[in-house]
Ligand code: ZN
């Protein structure tokens with residue numbers, strides 16, 4: 001299990017691949033380009049992350065559904081903008097066994113075009129609205145750019161896509177913002193910091209009226225898009241003829257939205273919190289929250305193991321995801337190393353001195369500090385420590401994002417920061433698309449869009465020197 005310690009900030013890609021592989025979170029050695037495997041430990045982490053999302057969506061009146069993976073070419077092509085954007089990266093099924101199919105079938109790149117024909121069947125009148133549903137599925141995109149484990153893959157295995165239909169533009173609009181709020185709560189629970197931007201028109205989701213996106217900054221200074229929410233207007237409902245009967249007897253096309261997250265959230269979680277010792281996981285999603293490690297001493301083995309089992313039993317009864325590592329063929333030191341690598345938030349050590357004093361020792365994974373805890377207080381202490389760790393992880397992560405967000409006023413400054421991959425850079429912008437596109441090309445970076453929260457805009461457009469009306473965000477991305 002010995003893995004050389006990797007420096008996260010020196011060689012992030014190497015760190016990410018090594019840590020996810022050696023902790024059995026993710027194995028990217030599968031022989032299809034852009035496809036990764038979730039072994040048991042990673043699958044549990046992914047499941048715990050998804051459970052947070054499922055709870056939030058279920059509480060907000062969504063229903064989980066499951067639509068087919070295959071979408072006929074005729075449906076995928078119905079919304080013109082949509083197909084134009086995706087057709088370069090769609091995987092097509094053209095044959096069944098030895099027989100050419102009558103119509104090509106796409107492996108879904110996203111599901112708007114699978115869901116709309118069903119909404120047409122399900123929605124009759126205004127009483128059927130709104131519809132709010134989601135599914136968690138694989139989507140497929142034949143990425144032509146360099147792929148990257150969990151971040152830029154050809155099979156996105158953890159696509160949580162939400163879809164809604166509403167009676168009016170305003171209802172859809174207010175749903176967009178309530179989903180932005182829901183995603184904020186989701187990322188807050190995972191202690192992942194974010195900036196929320198309105199994507200520029202030239203980079204919105206294909207078929208959307210507008211797109212709102214969440215970005216975070218990874219340890220290598222690149223921005224990572226971790227969530228999006230789109231107002232789709234009537235673009236899809238018109239293409240698919242999805243109408244509803246209004247109370248006055250007339251018909252109107254429904255207004256739709258869609259919103260998604262993927263395993264990039266897990267990638268961000270691992271990358272932002274992890275350190276040179278390995279994973280650091282927030283307690284609410286850690287597959288194992290507490291590990292109990294007895295530290296036997298000659299002649300006192302029975303007592304130490306007994307007390308360790310007692311601690312394990314108490315924590316388990318209190319509902320923690322806890323394991324006891326009482327292997328006798330491994331040293332305590334090698335056990336510490338292994339569980340630190342796996343990112344278990346709290347370690348309970350019990351040695352002969354603890355037995356004498358009637359205490360146990362708690363060690364935090366995030367900062368490796370130790371606390372002595374009296375027996376009888378164990379469950380309380382662990383509970384409080386888990387909360388403390390969550391708060392501290394969130395604060396540290398937000399501090400990091402703030403340090404990696406820059407506001408400058410000149411082209412030279414933004415060019416230098418972007419080139420050095422320092423993070424997300426905000427600059428004054430006149431709001432004209434041509435200036436944005438010129439910047440994108442000149443900086444060889446992505447324009448993330450404009451801040452959705454109200455901000456003070458001062459200065460002149462870094463490209464054309466006209467008076468600035470907006471703050472434009474840019475960064476290197478994956
Ligand atoms: Zn300009």
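No value in this document is a laboratory result; all are computed from the given coordinates. Please read these numbers as outputs of a predicted model, since none were measured by experiment. All Cβ positions, glycine included, derive from the backbone under ideal geometry; neighbour counts span all protein chains shown.
When both region 228-263 and region 399-471 are represented by their alpha-carbon centers, they are found 33 Å apart. With contacts taken as Cα pairs under 8 Å at a separation of at least 6 residues, region 405-475 carries a relative contact order of 40 percent. What percentage of all Cα-Cα pairs in the chain are separated by more than 36 Å? Pairs farther apart than 36 Å: 39 percent. Restricting attention to region 290-388, close to 55% of DSSP beta bridges with both partner residues there are antiparallel.
The long axis of helix 332-341 is offset from the longest Cα principal axis of the chain by roughly 10 degrees. Rounded to the nearest 10 degrees, the inclination of helix 40-59 to the longest alpha-carbon principal axis of the chain is 60 degrees. Approximating the spin labels as points 7 Å out from Cα along Cα→Cβ, the residue 248-to-residue 177 distance works out to 2.5 nm.
Restricting to Cα pairs below 8 Å that are 6+ residues apart, what does the relative contact order work out to for the chain? Please round to a whole percent.
After rounding, I find 14 percent.
Full extension of the chain between residue 460 and residue 406 yields a length gain of 17.8 nm, computed as 0.36 nm times the residue separation minus the alpha carbon distance.
When you count the other C-beta atoms within 10 angstrom of each residue and take the mean per peptide, 61-72, 90-101 line up highest first as 61-72, 90-101. Using the Cβ-Cβ distance between residue 398 and residue 99 with R0 set to 56 Å, the FRET efficiency works out to roughly 0.50. Across region 1-83, C-alpha contacts under 8 Å between residues 6 or more apart give a mean separation that, scaled by the residue count, equals a relative contact order of 14 percent. Does anyone have the angle between helix 301-317 and the longest principal axis of the chain? Alpha-carbon axes, 0 to 90°, nearest 10? Helix 301-317 sits at roughly 30 degrees to that axis.
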